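Visitor: Take this structure, written in structure tokens, and hold onto it; I'll ask about it next.
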Amino acid sequence: MNIHILTIFPEMFQGPMSSSIIGRACQKGLLSIEPHNLRDYTKDKHRQVDDTPYGGGAGMVMKAEPFFEALTELTGSPKQKKVGRKIIMLTPQGATFTQKKAQELATMSEIIFLCGRYEGIDERVRQTWVDEEISIGDYILTGGELATMVIIDALVRFLPGALGDEMSAQEESFSDGLLEYPQYTKPATWQGMTVPAPLLSGHHEQIRKWRRKEAFKRTYQFRPELLRGRSLSIEDQILFAE
Ligand code: ADE
């Protein structure tokens with residue numbers, strides 16, 4: 001997958017996008033991440049990327065031109081839609097990002113993220129180029145850069161070969177609509193606290209059942225709304241009847 005990011009702060013991506021699992025995915029060739037400096041697409045000598053809003057008001061608005069220039073270079077024209085390519089704008093008005101969306105985006109071959117700053121981006125960019133608008137939550141960030149990194153971090157886990165253990169993205173919280181069961185590691189007793197007996201049993205079926213029950217308990221305790229409208233599978237009904 002090729003990821004392009006249009007931003008006025010390309011340096012923000014340097015460390016986070018070259019460390020750990022994301023960095024390794026890039027090294028393995030599963031992913032390329034290319035930030036583009038919007039100032040490189042300005043035509044005036046001050047390399048101006050923002051201006052005052054029409055109608056007045058506080059703050060600055062990001063100009064349409066640098067986005068148009070960069071997007072034209074990357075894609076050709078707004079009419080040249082390509083299967084597998086998405087142009088995404090980060091904005092608090094977008095649809096809230098979810099695990100399901102991360103999984104869907106991981107199937108794309110190319111994503112172009114548009115990062116706004118200040119009071120946002122000239123509306124004509126959204127009208128002309130944007131396929132999708134995404135928010136990472138109901139709060140206002142200083143720009144779309146951190147939101148872009150959050151999305152990349154979540155989607156990279158779904159790229160085949162990115163995680164050491166192929167199963168783990170599927171087994172995680174939310175993939176089956178439940179929070180994750182508690183985890184323990186050695187020693188079995190620490191400061192008087194012991195690891196639950198089923199986990200020490202070595203009995204796979206017993207461990208699986210204990211984990212499934214704990215996942216339901218946790219979800220009920222911390223995020224009961226995730227269980228609303230959910231019906232128990234026959235297997236889970238048997239588990240709870242035991
Ligand atoms: N830009 C500013 N706030 C944002 C948010 N919550 N999500 C995505 N992009 C943003």
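Visitor: Residues that are more than 17 Å from the chain's Cα centre (by Cα) and surrounded by fewer than 18 Cβ atoms within 10 Å (Cβ to Cβ): find the helices (runs of 4 or more DSSP H) completely inside the stretch 1-107 holding 1 or more of those.
Guide: Qualifying helices (runs of 4 or more DSSP H): 20-27, 64-75.
Visitor: If you don't mind, there's one more thing I want to ask. Collect the residues in the stretch 27-57 that are small (Gly, Ala, Ser) and either over 19 Å from Ile121 (Cβ atoms) or modelled with pLDDT under 95 (or both), keeping them in residue-number order.
Guide: Gly29, Ser32 - these are the residues of the stretch 27-57 that are small (Gly, Ala, Ser) and either over 19 Å from Ile121 (Cβ atoms) or modelled with pLDDT under 95 (or both).
Visitor: Could you give every pair whose Cβ atoms fall below 8 Å, whose first residue belongs to the stretch 132-147 and is under 13 Å from Phe113 (Cα atoms), and whose second residue is hydroxyl-bearing (Ser, Thr, Tyr) and near the ligand (Cβ under 6 Å from one of its atoms), counting only separations of at least 6 or pairs across chains?
Guide: So the pair list comes out as Glu133/Thr91; Ile134/Thr91; Ser135/Thr91; Gly144/Thr91; Ala147/Ser135.
Visitor: Filter the stretch 189-231 down to residues that are polar (S, T, N, Q) and part of a helix (DSSP H, G or I) and give me whichever is farthest from Leu179 (Cα to Cα).
Guide: Residue satisfying both the conditions and the ranking: Gln206.
Visitor: Within the stretch 81-101, can one find any residue that is modelled with pLDDT of 95 or more, hydroxyl-bearing (Ser, Thr, Tyr) and away from the ligand (no atom under 15 Å from the Cβ)?
Guide: No; the residues of the stretch 81-101 include none that is modelled with pLDDT of 95 or more, hydroxyl-bearing (Ser, Thr, Tyr) and away from the ligand (no atom under 15 Å from the Cβ).
Visitor: Of the residues that make up the stretch 109-120, is at least one among the small types (Gly, Ala, Ser), surrounded by fewer than 14 Cβ atoms within 10 Å (Cβ to Cβ), away from the ligand (no atom under 13 Å from the Cβ) and under 23 Å from Pro78 (Cβ atoms)?
Guide: Checked against the condition, which is being among the small types (Gly, Ala, Ser), surrounded by fewer than 14 Cβ atoms within 10 Å (Cβ to Cβ), away from the ligand (no atom under 13 Å from the Cβ) and under 23 Å from Pro78 (Cβ atoms), the stretch 109-120 yields at least one hit.
The values are calculated or read from the model by the stated rules, or taken from the named source; none is laboratory data. Model, not experiment: these values are computed from the prediction. With ideal geometry, Cβ positions are generated from the backbone for all residues, glycine too; neighbour counts draw on all protein chains shown.
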